[in-house]
Amino acid sequence: MTMNKAIGLITANYTTRSSSALTDVRPAASTPFCGRYRLIDFPLSNMVNCGIRTVGLIMPFNYRSIIDHVGSGKDWKLDRKNGGLFMLPGSAFGTSRSGSRFLVRDLESNRIYFERTNKPYVVCSAANIVFNTDLSSLIEAHEASGADITVLTAKATEDDADLIKLKVDDGRVRGIDHGVSYGDTAFLDCFIIGREKLLEMLEWYSAVDYLDLFEALEGDYERVNVQAHEFHGYAAAIFNLDAYFRHSMEMLNPAINDELFPETRTVLTKAHDTPPAKYEAGCYVRNSQISAGCRIYGSVADSVLGRGVVVESGATVRNAIVMQNCIIRSGARVENAIVDRNNEIPAGTELRGTPESVLIQGKG
């Protein structure tokens, strides 16, 4: 079984190139998504669902919201005596806006995490690319090929300056570039590596520990066998506000939603024990995701609402994301907008952006 072969590592000690009111107050990994989830739920669930029971989480300096969300790991079955969830320190100077998600410095400073296990493999993932996959297939492909590293890839569906482009020749990675164009082979920030090989590479690159592991590898792709394993499902790269809004709205498409949340691979998240949403007499709701604890008196269309949102009578929410514990007072209108958690939109107020330029209301 996979759980007898690999430990997991999730890196959260990085920032996105494009800051926004959403990521100024929280790490990218704890950004809310799809009403009731956080971005970190997806890599955690991918690992747990394939049987990995030891997961290390490299923390950023502003870690409070991650700790609040994942806690002891109980909701991911990681509150265990053997293995479990480990909060690992990120290096003090590890945070980078250069697109580095696997800084050598962060890996080296947590060397003891790799040394204290007898599992032969380490599965590593970042948190800004949302996808749901059975990582067992990645591990099996890695074992079958005899590679040193096997990376998870997908064909780029759009231009994206934040994704890593892989130069692949006959299944083998020969180099990387920053930024992808449509049709390029994009790195999904997820890979498997032999534990002993990882420890060896940390010795090699100790002098350039400010680099990303795959940047440090530049020039060594001939002696290190890095194989590509293609993922064919839905994957959403969320590195800026525009991508966040677009991919959140894609979740209103039943076909895409079903692909990201299949019954066979549940995406786990923190339990809140919140009562179901309540739709009051006279409300209007169409094509929207309404999370538990919401009370809808007014009109909601083409929108995503987090837990505990109240939309009062006469209020309108359209083509918008409204996060946890917000109140939209009577007569208020929210359209083409993102409203961060704990906000109260006063009666008669309009928050209106455009489809091309979404308005954002920072955390209340």
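Being under 19 Å from residue 248 (Cβ atoms), modelled with pLDDT of 95 or more and either hydroxyl-bearing (Ser, Thr, Tyr) or out of contact with any helix residue (DSSP H, G or I) (no Cβ under 7 Å at 6 or more places or on another chain) (or both) is true for just one of 300, 267, 310. Which residue is that? Before the answer, list the steps.
Numbers: 267 fails: either hydroxyl-bearing (Ser, Thr, Tyr) or out of contact with any helix residue (DSSP H, G or I) (no Cβ under 7 Å at 6 or more places or on another chain) (or both); 310 fails: under 19 Å from residue 248 (Cβ atoms).
Residue meeting the stated conditions: 300.
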Fill in the blank from the handout: Restricting the stretch 306-364 to residues that are over 20 Å from residue 278 (Cα atoms) and among the acidic types (Asp, Glu), the one surrounded by the most Cβ atoms within 10 Å (Cβ to Cβ) turns out to be 340
Fill in the blank from the handout: Quick count over the stretch 285-301, residues being free of Cβ contacts under 8 Å to residues at least 24 places away in the same chain and either closer than 22 Å to residue 257 by Cα or charged (D, E, K, R) (or both), is 7
Exercise for the section: Answer yes if at least one residue in the stretch 14-22 is outside any loop (DSSP other than H, G, I, E, B) and crowded, with 20+ Cβ neighbours inside 10 Å, and no otherwise. Expected result: no
Completion exercise
Note on the stretch 35-70: residues modelled with pLDDT of 95 or more, closer than 17 Å to residue 272 by Cβ and assigned to a loop (DSSP other than H, G, I, E, B) are 40
Handout entry: Long-range neighbours under 6 Å by Cβ, at least six apart or interchain, first residue assigned by TED's automatic domain parsing to the domain that holds residue 190 and more than 19 Å from residue 147 (Cβ to Cβ) within the stretch 206-225, second of a type in the set (A, V, I, L, M, F, W, C) and part of a helix (DSSP H, G or I)
Key = 208/216; 209/104; 211/104
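The values are calculated or read from the model by the stated rules, or taken from the named source; none is laboratory data. Keep in mind that this is a model prediction, so the values were computed, not measured. Every residue, glycine as well, gets a Cβ built from its backbone with ideal geometry; the counts of neighbours run over all protein chains shown.
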